[in-house]
Amino acid sequence: MTNPGYGGGRDGQSRLFGQATMSGLTGGNWSRTSGSLEATIEVDGLRKRFGPTVALDGMTFSVPPAQVTGFVGPNGAGKSTTMRVILGLDAADNGTAVIGGQPYWSLRHPLTHVGSLLDASALQPSRTARNHLLWLAHSQGLGSRRVAEVVEQMGLKSAIRRPAGGFSLGMRQRLGVAAALLGDPPILMLDEPFNGMDPVGIVWMRGFLRALAAEGRAVFVSSHLMSELQDAADHLVVVGRGKVIADTSVKDLIAAASGDRFELRTAERAEAMKVLAEAGAEVTATAQDVVLVKSLSAERTVAALTAKHVTFAEVSAHRATLEEAYMELTRDAVEYRAAPAAGGAAR
């Protein structure tokens, strides 16, 4: 059984998030195992076709406990299909996906082993948020007390008796996370949990994911928002065209993308770019007075500019963002690429 999500009124989103619990998520009685189940996801050699389309082409990675693992890639890379295979919603043509060493279909009371949110809108709109959580809880042998606990954790108490169909996307996301937490599972798997969140909700969600991992849980999060994952994730699995492109820590990925590049700040941008290009550098204007320099050392850059009497204010190491690192890694894996916008097009 997978967990649909839920939400609440748009106007109350920030206020409710401010009330949500950031610590004491499980009352202090949770460990890295649930019975004999280890808090891990193992994906090995998954292959899946939909007709002529290859969705998964040997997808292999693992999600360990006690960290947030981001799952990123372009549209069509195979992220959603992988998650669906892990949860038994799609069958792989080859390969295996196990949760704590067991396939999902074999788990008794699966919400006590893995909580998931794949679609925050997968709910009965006329049912109240409380009743939505109650039927999920009862299906797993859980009572109303646990429903009350997750409602309190997610800051949903004032909206819990309202029909979920009137909830905003951000509130439905929180209700979906509440459903995922019902069984107090060692593994959480969330698809785009930042969607629909207001700024307060996004900050809260980042901290909440880190708090879950700090308890020892395996937290597996798919997102297209690199800026949010940069602050929330410890590790990244980057995929494209159905296979893993990179499986590394966020820190190492950013360091590799930063490379030997540095930034030059100068009021004479055009002249500086010309001089440095002639000296063998790769140069890119990133702001009105900033040039990104590659393939030329800082010492040689300073010498070349000084020799040509080009003034500059600063030379500093460039630290790439996660978004820059991601774009560089996936540039050859983008399947659906839009045409450039035509300049001066009629509006």
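Values quoted throughout were computed directly from the atomic coordinates according to the rules given, and no laboratory measurement underlies them. These figures come from a predicted structure and were not determined experimentally. Cβ atoms come from the backbone with ideal geometry, glycine included; neighbour counts cover every protein chain shown.
Once the range 203-347 is represented by equal point scatterers at the alpha-carbon sites, with solvent omitted, what log10 I(q)/I(0) does the Debye formula produce at q = 0.09, 0.10, 0.14 Å⁻¹?
Evaluating at q = 0.09, 0.10, 0.14 Å⁻¹ gives log10 I(q)/I(0) of -0.43, -0.52, -0.85.
For Ser116, list long-range residues whose amide hydrogen, built 1.01 Å from N in the peptide plane, is under 5 Å from its own amide hydrogen.
Asn3, Met189
For the pair Val54 and Ala303, what calculated FRET efficiency results from E = 1/(1 + (r/R0)^6), where r is the Cβ-Cβ distance and R0 = 51 Å, to the nearest 0.05?
On the way: r = 51 Å, r/R0 = 1.00.
Calculated value: 0.50.
To test your reading of the geometry: what angle, between 0 and 90 degrees and rounded to tens, separates the Cα axis of helix 169-181 from the longest principal axis of the chain?
60 degrees
Could you tell me the largest-minus-smallest coordinate of the C-alpha atoms of the chain on each of the three principal axes, in descending order and whole angstroms?
Extents along the principal axes: 77, 48, 47 Å.
Once amide H atoms are placed 1.01 Å from N in the peptide plane, what residues at a sequence separation of 5 or more from Arg162, or on another chain, have their amide H within under 5 Å of its amide H?
Distant-sequence amide H within range of Arg162: Ala129, Arg130.
What percent of all Cα-Cα pairs in the range 122-203 falls into each 10 Å bin, going from 0 up to the bin containing the maximum distance?
19, 53, 27, 1
What is the distance in Å between the Cα centres of the range 169-241 and the range 290-333?
Centre-to-centre distance over Cα atoms comes out at 33 Å.
Can you give me the relative contact order of the range 260-317 as a percent, contacts being Cα pairs under 8 Å and 6 or more apart?
Numbers: 99 pairs, mean separation 28.7, N = 58.
Computed value for the range 260-317: 49 percent relative contact order.
Give the average over all directions of the projected area of the C-alpha convex hull of the range 83-128, one decimal, in nm².
Values: hull surface 16.9 nm².
Orientation-averaged projected area of the Cα hull: 4.2 nm².
So what's the back-of-envelope 222 nm ellipticity for the chain, counting only DSSP H runs of four-plus at -39500 (n - 2.57) apiece and dividing by all residues, rounded to 500? Walk me through the intermediate numbers first.
On the way: 11 runs with 110 residues, N = 347.
It lands at -9500 deg cm²/dmol.
Provide Ser126, Ser168, Ser222 in ascending order of the number of other Cβ atoms located within 10 Å of each residue's Cβ, fewest first.
Numbers: Ser126 10, Ser168 19, Ser222 22.
Fewest-to-most Cβ neighbours within 10 Å comes out as Ser126, Ser168, Ser222.
Highest first, please rank the peptides 264-272, 69-77 by the mean number of other Cβ atoms sitting within 10 Å of their residues. Show your work: numbers first, answer last.
On the way: 264-272: 17.8, 69-77: 22.3.
The packing order, highest mean first, is 69-77, 264-272.
Considering Cα pairs under 8 angstrom that are at least six residues apart, work out the relative contact order of the chain and quote it in whole percent.
On the way: 759 pairs, mean separation 80.8, N = 347.
Relative CO of the chain lands at 23 percent.
Taking the Cα of Val200, stepping 7 Å toward and past its beta carbon, and measuring to each backbone N in the range 150-168: which are under 13 Å?
Residues 155-156 qualify, since their backbone N sits under 13 Å from the label point.
Can you sort Ile254, Ile99, Ile187 by how many other beta carbons sit within 10 Å, fewest first? Please report the intermediate quantities before stating the final value.
Details: Ile254 19, Ile99 27, Ile187 24.
Ordered from fewest to most neighbouring Cβ atoms within 10 Å, Ile254, Ile99, Ile187 come out as Ile254, Ile187, Ile99.
Binning at 5 angstrom from zero up to the longest distance, how are the C-alpha pair distances of the range 260-317 distributed in percent?
4, 23, 40, 28, 5
In the chain, with Lys and Arg counted as +1 and Asp and Glu as -1 at Cβ, which of these residues, Val151, Ala120, Val85, has the Cα nearest the positive end of the dipole, that is, farthest along it?
Val151
Counting other C-beta atoms within 10 Å, which of Tyr104, Tyr326 has the fewest, and how do the rest follow?
Working: Tyr104 19, Tyr326 26.
Neighbour counts put them in this order, fewest first: Tyr104, Tyr326.
Can you list the HN-Hα couplings for the range 115-132, worked out from phi with the Karplus curve (6.51, -1.76, 1.60; θ = phi - 60°), rounded to whole Hz and with x for Gly and Pro?
Ordered by residue, 3J(HN,Hα) equals x, 9, 9, 9, 8, 5, 8, 7, 8, 8, x, 8, 7, 5, 4, 4, 5, 4 Hz.
How many lysine pairs does the chain hold where the Cα atoms are under 18 Å apart and the two sit 8 or more places apart or on different chains?
On the way: Lys48/Lys79; Lys48/Lys243; Lys79/Lys243; Lys274/Lys294; Lys274/Lys308.
The number of close lysine pairs in the chain is 5.
Work out the FRET efficiency for Ala255 and Leu169 from their Cβ-Cβ distance, taking R0 = 35 Å, and round it to the nearest 0.05. Mind dumping the intermediate values first?
Details: r = 35 Å, r/R0 = 0.99.
Approximately 0.50, to the nearest 0.05.
Share of antiparallel DSSP beta bridges in the chain, in percent to the nearest 5?
Values: 36 of 54 bridges.
In the chain, DSSP labels about 65 percent of beta bridges as antiparallel.
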